[in-house]
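Here is the structure we will look at.
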Ligand SMILES: C[S@@+](CC[C@H](N)C(=O)[O-])C[C@H]1O[C@@H](n2cnc3c(N)ncnc32)[C@H](O)[C@@H]1O
């Protein structure tokens, strides 16, 4: 625990206040914050003064001057972290952030690319977007004379992913003029809070960031914040984990529904703005799915009339739609089962990465099973 004691001393020197919480190692989650005494709802548990943030205002002058003017904040912060030496003023913080191995094991961007095809569709789309952001930022580093000798792609990928998983949204008079995705800061110590689908309140003013208990916690409880209302495909790609219980989780049904449609039906759905992005959550299928399924149950003319009038077609049609959904989900369940089986035979990547993918597909299967059971009840 020595490095954490050192971090806390360093944090105190910078005006960071912890009240009733302390960092602890949490199995399966790296480090996390734990209540060191009973906490009451609305009790302030952390304060980080703005002066303690690592932001565009604190990066080295050479990073600012040598990178092109349009370089994104993500790349600037990552470049600045890459330049930290063991003697850096941030070394107590650098000593506690996850290792290179832990980052590259957990985040799909750093995985063996042969595993990417096993990501669910929304996760793969997020990964492709992340790949192009990283390529843009890596190009900015390579085109500059910032690093001499130059750094490797792996060096930069590590700090880029650290920034990806540890930054907080922050606005000041300067960043308010920048695009939203450039308004990011690193917060030593606050970045040790893990995520849950509901958690403590995070707020900022020009003077500080604060974290306030959302409810009472007993001594020893892990205290979470919520990184956002994210489904598990998002958490997997952006943060490298999935939650076992996630009220925001959802499953994309495109691969279940699109194959059921004829070319003509797809064209029609596209024309009306209802092609794809079909989503199932714990309670319901989305409106887009309801509209698309109706096209499988009635004539094109009847369907167009319903869509144009914004009608649902009544109970009898809803029964047909529910039966159609049940049939499609039972079929898609077979596809999901096939992916889980296939993953058992895959040798690419690490066992833990394949386990994570398998766990995600099992969650998808669970959501499908619960929906089938609900439709049949
Ligand atoms: C802001 S950091 C939180 C502190 C981090 N656990 C550490 O050891 O430094 C975010 C990272 O923590 C991990 N994490 C956060 N919440 C988690 C959770 N509920 N389950 C598993 N890992 C989690 C993920 O690796 C994520 O990328």
Pairs with Cβ under 6 Å, 6+ apart, first in region 230-243 and farther than 16 Å from residue 162 by Cα, second assigned to a helix (DSSP H, G or I) and more than 6 Å from the ligand (Cβ to nearest atom): 233/122; 233/123; 242/232; 242/235; 242/236; 242/360
Enumerated helices (runs of 4 or more DSSP H) restricted to region 212-322, each holding at least 3 residues that are within 16 Å of the ligand (Cβ to nearest atom), surrounded by 17 or more Cβ atoms within 10 Å (Cβ to Cβ) and at pLDDT 95 or above: 232-239
Pick from region 64-86, criterion surrounded by 13 or more Cβ atoms within 10 Å (Cβ to Cβ) and more than 20 Å from residue 191 (Cβ to Cβ), ranking: modelled with the lowest pLDDT: 64
Residue count for region 144-178, restricted to those that are more than 16 Å from the ligand (Cβ to nearest atom) and either touching a helix residue (DSSP H, G or I) at 6+ places or on another chain (Cβ under 7 Å) or at pLDDT below 95 (or both): 19
All positions within region 342-366 that are closer than 29 Å to residue 293 by Cα and free of Cβ contacts under 8 Å to residues at least 60 places away in the same chain: 358, 362, 365, 366
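In region 179-192, what residues are within 16 Å of the ligand (Cβ to nearest atom), part of a helix (DSSP H, G or I) and within 17 Å of the chain's Cα centre (by Cα)? Spell out the reasoning first.
Within region 179-192, the first condition is being within 16 Å of the ligand (Cβ to nearest atom), and the residues that meet it are 184-192.
Going one step further and asking which of them are part of a helix (DSSP H, G or I), we end up with 190-192.
If the condition is that a residue be within 16 Å of the ligand (Cβ to nearest atom), part of a helix (DSSP H, G or I) and within 17 Å of the chain's Cα centre (by Cα), then 191, 192 are the ones that fit.
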Residue in region 87-118 that is surrounded by the most Cβ atoms within 10 Å (Cβ to Cβ), counting only those that are closer than 17 Å to residue 54 by Cα and away from the ligand (no atom under 13 Å from the Cβ): 92
Test set (1) buried (at least 17 other Cβ atoms within 10 Å of the Cβ); (2) within 16 Å of the ligand (Cβ to nearest atom); (3) assigned to a helix (DSSP H, G or I) - residue 197 fails condition number: (3)
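The values are calculated or read from the model by the stated rules, or taken from the named source; none is laboratory data. It should be emphasised that the depicted structure is a prediction, and the values quoted were computed from it without experimental measurement. Cβ: placed from backbone, ideal geometry, glycine included. Neighbour counts: every protein chain shown.
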